[in-house]
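This report concerns only the one structure given below.
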């Protein structure tokens, strides 16, 4: 699967998931500015959320980000599973059947 290789500030990560978020953030405060890099991902089929962490940045920090085929992903610092509730599943099934009925009524399927 295609993902990102991220190198800089002493880290080397290979990240891959259904959705990847590499966020460079600047937070302005009265005491000054905070710069950080956040690396996260998610795999919707498994309802899985991955977090490779946040890295505090300083002016002059450099990162190399490559888009490549990733074979072995770096272990995330945090992995969470978000289970779908029975109520949410029931609502999604009801929506599916309502839409299916609408399409059948229009002779689209």
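Sub-8 Å Cβ pairs linking a first residue in the range 83-109 that is farther than 23 Å from residue 43 by Cβ to a second residue that is at pLDDT 90 or above and surrounded by 10 or more Cβ atoms within 10 Å (Cβ to Cβ), at least 6 apart or interchain, are 109/100; 109/103, ordered by first then second residue. Checking each residue in the range 9-29 for being more than 17 Å from residue 73 (Cα to Cα) and in a strand (DSSP E or B) picks out 23, 24, 25, 26, 27, 28, 29. When the residues of the range 30-53 are filtered to those that are more than 15 Å from residue 73 (Cβ to Cβ), free of Cβ contacts under 8 Å to residues at least 24 places away in the same chain and in contact with a strand residue (DSSP E or B) (Cβ under 7 Å, 6 or more places away or on another chain), the one that is surrounded by the fewest Cβ atoms within 10 Å (Cβ to Cβ) is 33.
The values are calculated or read from the model by the stated rules, or taken from the named source; none is laboratory data. This is a predicted model, so every value here is computed, not measured. Methodologically, a virtual Cβ is constructed for each residue, glycine included, from the backbone with ideal geometry; neighbour enumeration extends over all protein chains shown.
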